[in-house]
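The values are calculated or read from the model by the stated rules, or taken from the named source; none is laboratory data. Predicted, not measured: the structure shown is a model, and the values here were computed from it. Backbone-built Cβ (ideal geometry, glycine too); neighbour counts: all protein chains shown.
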Amino acid sequence: MSTGATVRLPPLDGWAVVLGASSGFGAASALALARAGVDIVGVHLDRRATLPEAERVAAAIRSLGREAWFFNVNAADAAKLGSVLDEIQQRFSERGRGEQIRVLVHSLAFGSLRSFVPGVAEERITRKQLEMTCNVMAHSLVYWTQAMLDRDLFSGEGRILALTSTGSREVWGGYGAVSAAKAALESHVRQLARELAPRGITVNAICAGVTDTPALAKIPEKQRMVDKAIRKNPAERLGTPDDVASALVALAQPCTYWMTGGVIHVDGGEAHCG
């Protein structure tokens, strides 16, 4: 639940594709965008135990009067990516409303948390795990963008927003593969921003600082990171997914057309004021 002030923004229209829509930043962003007036395509990968959470998010979106098309597939799988976008394209065509995607949110948090050169009792990361982590958490942004452009699904006021972290430049135990992926993600954001500027599509990364999400709970040095973040943050607390989602909705506005290629800190001052 957000602890900040309520901010009123002009309503949005169109659709958002949210990668990682069932939890954490993805779920909060999907709900915030729906409250702003956007219909949601949610892409998530959940097994039976966690599937009810995805269903809860979809139901909450529909309760706001918005549409929610959810796909339980691996967003980093090329064939699944294509099938999801082909179905969206077909549905848009059948409805005949000239619908397009206004926002693409990349919030995929699945990767290997193993050391490169571990101690005796640990297993080191494999080539497959390192490549998988970078593919899911970084390169998939490029592939989804390419595929959406190929199908002419983007609005002329398109906004691409990817979730990164301070781990792109800091060193934490067991975080090497994810750190590499986040650094690559930020590089992809800059390159896409340059190439998509003539089309009016902006591309930015949101750096949320240390935030209480399911992904944080899996990091080996979680408690040390949390203690340091609270100590540095002027508000003396961790951020929440809702804090970040509120900023994401603001960045999706048409008036942000001159903001692109950046890493935007949405962290309560954690990175620069502590």
**OP:** With respect to Asp243, determine if the residue is crowded, with 21+ Cβ neighbours inside 10 Å, among the acidic types (Asp, Glu) and not in a helix (DSSP H, G or I).
**Re:** no
**OP:** Could you check, for region 103-122, whether at least one of its residues is basic (Lys, Arg), more than 22 Å from Ala208 (Cα to Cα), in contact with a helix residue (DSSP H, G or I) (Cβ under 7 Å, 6 or more places away or on another chain) and modelled with pLDDT under 95?
**Re:** yes
Original post:
Based on what the data block shows, is Thr145 touching a strand residue (DSSP E or B) at 6+ places or on another chain (Cβ under 8 Å), farther than 17 Å from Gly167 by Cβ and without any contact (Cβ under 8 Å) to a residue 60 or more places away in the chain?
Top reply: yes
**OP:** Only residues in region 65-85 that are β-branched (Val, Ile, Thr) count as the first member; pair them with residues that are part of a strand (DSSP E or B), Cβ under 7 angstrom, at least 6 apart or cross-chain, and list the lot.
**Re:** Val73/Val43; Val84/Val43; Val84/Phe71
Original post:
What number of residues within region 199-247 are closer than 14 Å to Gly268 by Cα, at pLDDT 85 or above, of a type in the set (A, V, I, L, M) and touching a helix residue (DSSP H, G or I) at 6+ places or on another chain (Cβ under 8 Å)?
Top reply: 4
Subject >> Any chance Ser168 is within 30 Å of Trp15 (Cα to Cα), touching a helix residue (DSSP H, G or I) at 6+ places or on another chain (Cβ under 6 Å) and not aliphatic (A, V, I, L, M) >> reply: yes
Subject >> Residues satisfying the stated conditions in region 77-111, i.e. among the small types (Gly, Ala, Ser) and over 17 Å from Ser23 (Cα atoms) >> reply: Ala78, Ala79, Gly82, Ser83, Ser93, Gly96, Gly98
**OP:** Provide a single number: the residues in region 197-240 that are touching an Asp or Glu at 6+ places or on another chain (Cβ under 7 Å), over 30 Å from Ile101 (Cα atoms) and part of a loop (DSSP other than H, G, I, E, B).
**Re:** 2
Original post:
Which of (1) of a type outside the set (Phe, Trp, Tyr); (2) free of Cβ contacts under 8 Å to residues at least 24 places away in the same chain; (3) in contact with a Cys (Cβ under 9 Å, 6 or more places away or on another chain) does Gln90 not meet, given it meets every other one?
Top reply: (3)
**OP:** Restrict the check to region 158-181 and report whether at least one residue is buried (at least 21 other Cβ atoms within 10 Å of the Cβ), in a helix (DSSP H, G or I), of a type in the set (Lys, Arg) and in contact with a strand residue (DSSP E or B) (Cβ under 6 Å, 6 or more places away or on another chain).
**Re:** no
Original post:
Within region 156-210, how many residues turn out to be closer than 29 Å to Val117 by Cβ, touching a residue at least 24 places away in the same chain (Cβ under 8 Å) and among the acidic types (Asp, Glu)?
Top reply: 1
